[in-house]
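Data block below; observations after.
The values are calculated or read from the model by the stated rules, or taken from the named source; none is laboratory data. Bear in mind that the values here come from a model prediction, so they are computed numbers and not experimental data. Note that each Cβ is placed from the backbone with ideal geometry, even for glycine, and that neighbours are counted across all protein chains shown.
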Amino acid sequence: MEYVSLKNIPLFSGLGGKTGRKLVSIANEKSFKKGETVFNVWDRGSTLFFLLSGSVKFSLVDERGREVILKILYGGDFFGEMSLFNGGFRSASVVAIEESRALIIHQKEFYSLIKHPEIAMQIVINLSMRIRKLDEKVANLALSDSIGKVASLLLELYKEIGEKKNGEAYFKTNLTRQEMANMIGITRETFIRCLHTFQERGLIAVSGKRITIKREVDLKREIS
């Protein structure tokens with residue numbers, strides 16, 4: 001594994017010298033195929049994952065057998081830390097949405113890693129941001145109707161993986177329409193109907209995996 005791989009992870013992008021070499025020596029790299037399970041809910045947690053590339057989904061299955069997607073993580077994110085902190089089981093299943101690569105660090109090495117103040121602080125900041133995003137998501141799901149939920153999700157995906165080129169704001173996603181619906185607790189049919197509504201009103205344009213945000217301000221107004 002080349003040290004340059006660490007540049008894909010904001011948490012490690014500023015490291016160099018002895019700290020960087022130590023990290024390379026304790027981490028293993030692993031690839032996951034699209035649809036491959038990284039770990040299952042209730043597995044015993046003993047490893048921390050740093051996503052170099054690709055994307056993964058965190059999900060649970062409810063009592064009716066329906067998938068509930070809790071969050072999506074992309075290259076540069078890390079996950080699996082909670083089981084390392086409390087010694088417990090995985091709280092959700094994680095599956096690769098596309099071909100992905102990750103660095104894997106085991107519990108013993110993880111404890112030695114967080115002795116570095118700059119890394120420990122970045123982990124704390126990252127976890128705080130995740131809690132804030134979770135609070136916002138819970139509020140949106142509780143207070144918004146279907147139109148508001150879809151608008152919120154589209155804006156969230158644009159913020160996380162979007163680009164702006166030649167005056168166009170857009171994002172491309174490997175998530176299926178069903179998976180996007182599962183992220184906000186509505187049916188696939190309702191999700192598609194909301195997309196069509198936004199298209200007819202000129203707020204977005206949809207072409208396969210690409211969704212263009214044409215009127216961002218107006219889309220934000222759809223969130224109750």
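Things to note:
- Residue list for region 205-224, restricted to those being outside any loop (DSSP other than H, G, I, E, B), under 30 Å from V61 (Cβ atoms) and aliphatic (A, V, I, L, M): V206, I211
- Some residue of region 195-211 being within 22 Å of L134 (Cβ to Cβ) and buried (at least 16 other Cβ atoms within 10 Å of the Cβ): no
- Hits in region 145-175 (condition: touching a residue at least 60 places away in the same chain (Cβ under 8 Å) and small (G, A, S)): G148, A151, S152
- Region 106-131: number of residues that are without any contact (Cβ under 8 Å) to a residue 40 or more places away in the chain and among the hydroxyl-bearing types (S, T, Y): 2
- Filtering region 119-135 to residues that are of a type outside the set (A, V, I, L, M) and surrounded by 12 or more Cβ atoms within 10 Å (Cβ to Cβ) leaves Q122, N126, R130, K133.
- Scanning region 178-224 for residues that are within 12 Å of L153 (Cα to Cα) and either among the basic types (K, R) or in contact with an Asp or Glu (Cβ under 6 Å, 6 or more places away or on another chain) (or both) gives N182, K220.
- Check on G88, touching a residue at least 24 places away in the same chain (Cβ under 8 Å), small (G, A, S) and crowded, with 17+ Cβ neighbours inside 10 Å: no
- In region 23-53, the residues that are acidic (D, E) and either in a strand (DSSP E or B) or assigned by TED's automatic domain parsing to the domain that holds L175 (or both): E29
- Here L155 passes the criteria (1) closer than 24 Å to L73 by Cβ; (2) of a type outside the set (F, W, Y); (3) exposed (fewer than 14 other Cβ atoms within 10 Å of the Cβ) except the one numbered (3).
- Region 165-204, residues that are part of a strand (DSSP E or B) and either modelled with pLDDT of 95 or more or among the aliphatic types (A, V, I, L, M) (or both): A169, Y170, F171, K172, I204
- Among the residues here, R101 qualifies as modelled with pLDDT of 85 or more, under 18 Å from the mean Cα position of the chain (by Cα) and either of a type outside the set (V, I, T) or surrounded by fewer than 16 Cβ atoms within 10 Å (Cβ to Cβ) (or both).
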